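Below: one structure, written as structure tokens.
Here, each number is a calculation from the coordinates, and none is a lab measurement. Owing to the predicted nature of the structure, the values given are computational and were not obtained by experimental measurement. Cβ coordinates were reconstructed from backbone atoms using ideal geometry, including for glycine residues, and neighbour counts include every protein chain displayed.
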Amino acid sequence: MEKHALYPNLFEPLDLGFTQLKNRVLMGSMHTGLEEEKEGLKKMAVFYEERARGGVGLIVTGGIAPNRSGWVAPFSSRMSNKRHAKKHKIITEKVHKAGGKICMQILHSGRYGYHPLVVAPSAIKSPISPFKPRALSQRGVMNTIADFVNTAKLSQSAGYDGVEIMGSEGYLINQFIAQHTNKRNDQWGGSFENRIKFPIEIVKEIRKATGPNFIIIYRLSMIDLIENGSTKEEVVILGKEIEKAGATIINTGIGWHEARIPTIATMVPKAAFTWVTETIKKELSIPLITTNRINDPETAEKVLSTGQADMVSMARPFLADPELVNKAFESKKDEINICIACNQACLDHVFKQKRATCLVNPKACYETELTAQTVNKSKRIAVIGAGMAGMSFSLEALKRGHSVDLFEKESTLGGQFKLAGRIPGKEDFKDSIKYFERMLDKNGVTLHLNSNVSIEELKEFDEIVIASGVSPRNVIIPGIENQKVISYPDLISGKRKAGNKVAIIGAGGIGYDVAEFLTHLKSNNEKQEFQALWGIDASLESPGGVLPDGAKNMKVNREVYMLKRSLGKFGSSLGKTTGWIHRQMIKKAHVNLIQGIEYEKIDDEGLHIRTGKKRHCLKVDNIIICAGQVSNTSLYDECINAELNVHIIGGAKKASELDAKSAIREGTELGLSI
């Protein structure tokens, strides 16, 4: 077979002996929330079918519990009887018809379960769940192993090509392995040999029950990122035992959910943990999959070409673009809608018991609801504003057959999202803008840059969409016109530079972005810098892979103050799964946090403030205003007065916080319905 010109390793088939995978791309496991919805399995079937048609080599489902105690939350998905298995056939049939292969992940949450039935090797409460688990009895351990085996057999009867056994991320199997959570003194605890009996027995018994021609992936925690976790030597021993027990492939697990080290957020460098897989791969014979922050074909190809792994796992990138693999195969990288690792619509939703989707692709997990119909009659539509709302609307309207004129007052597209792409760690945001630019051009948009369109010109159009975004909110402080004051757009865009002592007014998402922008120092080796900053042991000799002397603070060249009027937690509006990271980054950068402030005046001396009865002057070089935004609605009001057919979306509609998730979704929904 001829090698692919750009990605020869990515598109090399992987021979598993009894079956072959067509490429080296695994769609990693993600819980979507569809699992528990009414008619959810039918929606999941379409979701996975679309990814199989998109070319992925092997799909792994979200975690399915083997019994009630293994639930992630009350009444979450499980497979423990033939009735459950029968319902899953719609998924496997659609995936196979689309030319794909799919494995079901078996996940027992252990002490991470969000319900009162939780069990664990020992009765030690998790820091991320309110329920203290019951310690499994010896009979309970044997019954749980039997339940894993039963679920594997049922998944085989449902038509799955295999299973992934979730042995990482701090779930039940991982809890047995680590001293951190296993304090037993029977045959399932104590020595390392005893603690790993549980996963070995599960793999061995599943292989015996399912036969030789069934894929068994074992998700091995290769770096726990917690105290008293596994050492490299222990990981290798377990890997070899899992191989002997009958696993087909070993997948890499990185970090427990309770670990205070980021592993998949946008500020984590690309392929930041592939070195872990490479270290363990040298010791094992069966194929190894690597994972975490691999979101484009170039990164994946580099990982494979350097021998770090036999296969790459991408999960969230398939929310962003189900056609990722096909586009890579067709050498259309510029048409891939890149995952920006924001977590805002996927993980944040799941942890709030909402259906997962994707900020840059709101159709993800809504494939049966957000559908496009070609229009019978094409309309001429004017779109004002080429931020994310305007671009997402324009793209959907164009694809359906409308004629779209997109007006933008700036010389480039992207709006506020363009500023986000300049924040350290958010460089992938630029790729989203490039994607929309490419797809708008491909679908025939008429683009008007540096353009302020008049109401008279708009009267020529059938429909008008106002996506004019936001402007920074004005703050009323005496002396606000002083040259020390800089707006956040001027700072981030590079129009103005800040001095060495800076005060930030506002502690929302933009305030945090600005603080990171001001305190970030470029590194010659961002992966090494990341490891040092978060206390990761690159030798893997320390238990859990965390350095005994902990993480390092950042080197900074500015003194920064973050100020807010209200009392209470800083960064309370930040994302559920990423907010703690940003708060830690600010702490590591020694940013001074002051709340309960009254702003008295700004003058050449600095920013004069009052906290309670105390007055103080912060003798800063600059004051950055991050005090929110206001919607740009003047043109919308003119259109209403002129009785034109007008719609308003994105920040122009609501500007309480910069919200690209809502902007893109509103643009998409309107584009699909107009």
- Task: Pop a pseudo-label 7 angstrom from the Cα along the beta-carbon direction at both Ser157 and Lys183 and give the gap in nm to one decimal.
- Result: 4.0
- Query: Taking the alpha-carbon centroid of each part, what is the distance from the range 147-171 to the range 257-335 in angstrom?
  - Reply: 23
- Okay, which of the range 223-259 sit inside 18 Å, backbone N to the point 7 Å along the Cα-Cβ direction of Thr19? 246-251
- Stokes-Einstein D for the range 14-351 at 10 °C, 1.306 mPa s, Kirkwood Rh over Cα pairs, in µm²/s? 80
- So if R0 is 51 Å, what FRET efficiency would Lys86 and Ile480 give, r being the distance between their Cβ atoms, rounded to the nearest 0.05? 0.15
- Query: Each residue of the range 349-356 in order: what ³J(HN,Hα) in whole Hz does its phi give by Karplus 6.51 cos²θ - 1.76 cosθ + 1.60, θ = phi - 60°, with x for Gly and Pro?
  - Reply: 5, 4, 6, 9, 6, 10, 5, 6
- For the range 285-348, listing trypsin sites (Lys or Arg not before Pro) in a DSSP loop whose Cβ sees at most 16 other Cβ atoms within 10 Å gives Lys332
- Message: So if I take the alpha carbon set of the range 42-104, get Rg, then get Rh from the Kirkwood formula, what is the Rg over Rh ratio?
- Response: 1.01
- Message: Kirkwood Rh and Cα-based Rg: tell me the resulting Rg over Rh for the range 486-570, rounded to two decimals.
- Response: 1.08
- Inter-centroid distance (Cα atoms) of the range 569-605 relative to the range 79-120, Å: 42
- Relative contact order, percent, the chain [alpha-carbon distance under 8 Å, six or more residues apart]: 12
- Order of Ile640, Ile336, Ile250 from fewest to most other C-beta atoms within 10 Å? Ile640, Ile336, Ile250
- Using modelled backbone amide H atoms (1.01 Å from N, in-plane), which distant-in-sequence or interchain residues come within less than 5 Å of Ile215's amide H? Gly162, Val163
- Task: Binning at 10 Å from 0, report for the chain what percent of all alpha-carbon pair distances ends up in each bin.
- Result: 3, 15, 23, 24, 19, 11, 4, 1, 0
- Message: Please report, in whole Å³, the volume per residue of the convex hull around the C-alpha atoms of the range 363-486.
- Response: 162
- Computed lengthening from Glu410 to Lys240, 0.36 nm per intervening residue step minus Cα-Cα distance: 55.4 nm
- Message: Within the range 500-523, list the residues whose amide N lies under 17 Å from a label point set 7 Å along Cα→Cβ of Lys354.
- Response: 509
- Item | Sparsely packed trypsin sites (Lys or Arg not before Pro) within the range 505-590, loop by DSSP, other Cβ within 10 Å at most 16 | Lys522, Lys552, Lys555, Arg565, Lys569, Lys576
- Under 14 Å from a label point 7 Å along Cα→Cβ of Lys552: give me every residue in the range 561-598 with its amide N that close. 589
- Message: Cβ neighbours within 10 Å, averaged per peptide: list 281-292, 499-510 in order, most packed at the top.
- Response: 499-510, 281-292
- Task: May I ask what percent, to the nearest 5, of DSSP beta bridges between residues of the chain are antiparallel?
- Result: 20
- Message: Counting pairwise Cα distances across the range 410-549, what percent come out greater than 28 angstrom?
- Response: 44
- Semi-axes of the range 253-323 from the Cα gyration tensor (sqrt of 5 times each eigenvalue, largest first, whole Å) come to 19, 17, 10
- Indicate the helices, whole DSSP H runs only, in the chain that combine a mean Kyte-Doolittle hydropathy of 0.5 or more with a Cα extent along their long axis of 15 angstrom or more. 388-399, 509-519
- Item | Label-point separation, Ala123 to Asp490 (7 Å along Cα→Cβ), nm | 6.4
- Item | Segment Gln138-Leu284, length gained on full extension (0.36 nm per residue, minus Cα span) | 49.4 nm
- For the range 534-673, what relative contact order do you get, as a whole percent, if you take Cα pairs closer than 8 Å and at least 6 residues apart? 13
- Item | Full-extension gain in nm, Ser539 to Ser403, via 0.36 nm per residue minus C-alpha separation | 43.2 nm
- Which of the trypsin sites (Lys or Arg not before Pro) across the range 125-190 are loop residues per DSSP, with 16 or fewer other Cβ within 10 Å? Lys125, Lys183
- Lys601 versus Glu457, label points 7 Å from Cα toward the beta carbon: distance in nm? 4.5
